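The values are calculated or read from the model by the stated rules, or taken from the named source; none is laboratory data. These numbers come from a predicted model, not from an experiment. Cβ coordinates were reconstructed from backbone atoms using ideal geometry, including for glycine residues, and neighbour counts include every protein chain displayed.
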Amino acid sequence: MSPRPVVTRFAPSPTGFLHIGGARTALFNQLYARHTGGRFLLRVEDTDRERSTEAAVAAIFEGLSWLGVTPDAEPVFQHARADRHREAVMELLAAGRAYRCYLTVAELETMREAARAEGRAIRSPWRDRTPNEPDAPHVIRFKGPLEGETVLNDLVKGEIRFRNIELDDLVLLRSDGAPTYNLAVVVDDHDMGVTHIIRGDDHVNNAARQTLIYQAFGWEVPAMGHIPLIHGPDGAKLSKRHGAQAVGEFADMGYLPEAMRNYLTRLGWGHGDDEIFTDAQASAWFDVTDVVKSPARLDWQKLGFINAHYLKEADNDRLAALVTRVLTARGETVPAEVVGRLSALIGLLKEGAKTTLDIADSLAFVLKTRPLALDERTQGLLTPETRQRLARLQDQIAATPFEREALEAMIRAFAGTEGVGIGKFGPALRGILSGGGVAPDLATLLLSLGREESLARLNDALLREA
RNA sequence: GGGCCCUUCGUCUAUCGGUUAGGACACCAGAUUUUCAUUCUGGGAAGAGGAGUUCGACUCUCCUAGGGCCUACCA
């Protein structure tokens, strides 16, 4: 084993938003670096200038920082290192480990078809040919071995063998002089001192080719671990129809970053029976070799369960800010009187919520303004008898301290004095105070509204025409 | 077509040759209850199929089936 301190990296290509699978890859890299006391780096793979956008770079950075995955050094932009990449290719060329290939796109196409039909990898005739016109348009290809095999000791999958003949001579430098991904990753990972490459499963085939390139340079091959992709609930590749792909969407859906970290870490990795754990525990326990080999499906139910847990633990002021944002985005105005009590209200109401959106929903009855329109069910409950009973209850409410225990005791006692069950007036009171719809239990309802508002709403209802 | 990878309850996972195959989410039932929710208790639920190795396989090997990734002058 290498005595070098561990260096991991996350290397997204900025062609879109930060995918949830990529986010998990980044998380695993950070976790592993922390676990080993190493460093976690970030590199933007923007060698393809056509497809890379600044908006995507921003989206990725934003997604990562929201998730709480932050590199231990300034991010490296691969594009800026093109000169170094070219220099490296020239090195390979000089060493006879690469060659100029003058195949045209059309020729390549025909060869590819033929190769595919025969089930073999494509090989350029220019491997061993000297060009008549060296300056004609060409690419530079890696000169891979034709014999032997390349063995990958994958950290998560175990030993994987490739026959070198199956690996084609990939392009290192394009005809316009731009380096390609497979060359750039190797050079950059080497230059950045990366010791452990933890990346998506979709790179295993590249891993073999890259290993060959490392060897051609005479560099130490880093340890590699290929983690499976995240699938949608139906097992298919995660896509729009599954609800969300980008981490930003999860944020908008009311999930907390710490909940996402916990859920994502647990997806495809486990530590005994532990389901909920802190970041410190995660980095203490996490090891790439424990990552599960098979792809995992995104389970909204479990994510909701985890998020609910962190919502309960979260600071109410923080939640208030989050919920306010949700409300504002919905175009709802929060009365000045409520703003000051928002975090207290959230403390009262966040109990069963799975997302901050749920909390915002649960606030609906508080946000209503008097006089409230009563739903049909509540109206039906307001018989003369119930009205009289509620009038008597009004006095009790006015005389009871607004504390949970006192309120609960008062309600029970009132039912006793009246000689009826709570069911005889509870639903009506609930309807009057909330205006119908989803609402918490009576004591919480009263507490949320406060004495003044509760009494006023009750009064409004009792004064209404029968 | 070729190469490579994957396969334990519906889902995420534990097990690292010997377990009544454990836990969590979800689900079902019951309890509590002023709706929904919460909470509590209980319950059903799994080793893809077939060979082999072994005293003994979920665990090791092979085959089959199913799924996935790659097969670019994309990353």
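Any idea which of A:Ala439, A:Ala415, A:Ala409, A:Ala443 is surrounded by 13 or more Cβ atoms within 10 Å (Cβ to Cβ), in a loop (DSSP other than H, G, I, E, B) and within 15 Å of RNA strand B (Cβ to nearest atom)? Reasoning before the result, please.
Details: A:Ala415 fails: in a loop (DSSP other than H, G, I, E, B); A:Ala409 fails: in a loop (DSSP other than H, G, I, E, B); A:Ala443 fails: in a loop (DSSP other than H, G, I, E, B).
Among A:Ala439, A:Ala415, A:Ala409, A:Ala443, only A:Ala439 is surrounded by 13 or more Cβ atoms within 10 Å (Cβ to Cβ), in a loop (DSSP other than H, G, I, E, B) and within 15 Å of RNA strand B (Cβ to nearest atom).
Within the set of pairs 6 or more residues apart or between chains, which connect a residue that is near RNA strand B (Cβ under 6 Å from one of its atoms) and among the hydroxyl-bearing types (Ser, Thr, Tyr) inside region A:291-307 to a residue that is outside any helix (DSSP H, G or I) and modelled with pLDDT under 95 with Cβ atoms less than 8 Å apart?
Between residues of region A:291-307 that are near RNA strand B (Cβ under 6 Å from one of its atoms) and among the hydroxyl-bearing types (Ser, Thr, Tyr) and residues that are outside any helix (DSSP H, G or I) and modelled with pLDDT under 95, the close pairs are A:Ser294/A:Pro228.
What's the total number of residues in region A:37-56 that are in contact with a strand residue (DSSP E or B) (Cβ under 8 Å, 6 or more places away or on another chain) and in contact (Cβ under 8 Å) with a residue 60 or more places away in the chain?
So the answer is 4.
Go through (1) modelled with pLDDT of 95 or more; (2) not hydrophobic (A, V, I, L, M, F, W, C); (3) not in a helix (DSSP H, G or I) one by one and return the number of the condition A:Thr130 breaks.
Among (1) modelled with pLDDT of 95 or more; (2) not hydrophobic (A, V, I, L, M, F, W, C); (3) not in a helix (DSSP H, G or I), A:Thr130 violates only (1).
Considering region A:267-290 alone, what residues qualify as being in contact (Cβ under 8 Å) with a residue 12 or more places away in the chain and outside any loop (DSSP other than H, G, I, E, B)?
Selection gives A:Asp279, A:Ala282, A:Ser283, A:Ala284, A:Trp285, A:Val288, A:Thr289, A:Asp290.
Any idea which of (1) out of contact with any Ser or Thr (no Cβ under 6 Å at 6 or more places or on another chain); (2) touching a residue at least 40 places away in the same chain (Cβ under 8 Å); (3) within 13 Å of RNA strand B (Cβ to nearest atom); (4) of a type outside the set (S, T, N, Q) is the one A:Pro14 doesn't satisfy?
Just one mismatch for A:Pro14, condition (1).
The conditions are (1) over 16 Å from the mean Cα position of the chain (by Cα); (2) among the hydroxyl-bearing types (Ser, Thr, Tyr); (3) in a helix (DSSP H, G or I), and A:Ser294 fails exactly one of them. Which is it?
(3)
Testing A:Glu149 on (1) farther than 30 Å from A:Ala26 by Cβ; (2) crowded, with 17+ Cβ neighbours inside 10 Å; (3) touching a strand residue (DSSP E or B) at 6+ places or on another chain (Cβ under 7 Å), one condition comes back false. Which one is that?
Just one mismatch for A:Glu149, condition (2).
Could you list all residues from region A:204-250 that are assigned to a loop (DSSP other than H, G, I, E, B), aliphatic (A, V, I, L, M) and away from RNA strand B (no atom under 16 Å from the Cβ)? Steps first, answer last, please.
Within region A:204-250, the subset assigned to a loop (DSSP other than H, G, I, E, B) is A:218-222, A:228-229, A:232-236, A:238-239, A:243-245.
Checking the rest, the ones that are also aliphatic (A, V, I, L, M) come to A:221, A:229, A:236, A:238, A:244.
Within region A:204-250, just A:Val221 meets the criteria.
Based on what the data block shows, is A:Thr355 away from RNA strand B (no atom under 15 Å from the Cβ) and polar (S, T, N, Q)?
Values: away from RNA strand B (no atom under 15 Å from the Cβ): no; polar (S, T, N, Q): yes.
No.
Of the residues that make up region A:94-109, is at least one within 30 Å of A:Ala26 (Cβ to Cβ) and either in the same structural domain as A:Glu166 (by TED's automatic domain parsing) or away from RNA strand B (no atom under 14 Å from the Cβ) (or both)? If you could, list the steps in order and put the result at the bottom.
Initial filter on region A:94-109 (within 30 Å of A:Ala26 (Cβ to Cβ)): none.
No, there is no match, as no residue in region A:94-109 is within 30 Å of A:Ala26 (Cβ to Cβ) and either in the same structural domain as A:Glu166 (by TED's automatic domain parsing) or away from RNA strand B (no atom under 14 Å from the Cβ) (or both).
Give me the residue from region A:157-203 that is farther than 15 Å from A:Met90 by Cα, at pLDDT 95 or above and of a type in the set (Val, Ile, Thr) and, out of that set, nearest to RNA strand B (Cβ to nearest atom).
A:Val185
Pick from region A:418-436 the residues that are touching an Asp or Glu at 6+ places or on another chain (Cβ under 9 Å) and hydrophobic (A, V, I, L, M, F, W, C): which of them is nearest to RNA strand B (Cβ to nearest atom)?
Step by step, filter region A:418-436, then rank; the result is A:Phe425.
Restricting to region A:358-391, name every residue that is surrounded by fewer than 13 Cβ atoms within 10 Å (Cβ to Cβ) and farther than 13 Å from A:Gly435 by Cβ.
The answer is A:Gly380, A:Thr383, A:Pro384, A:Glu385, A:Gln388, A:Ala391.
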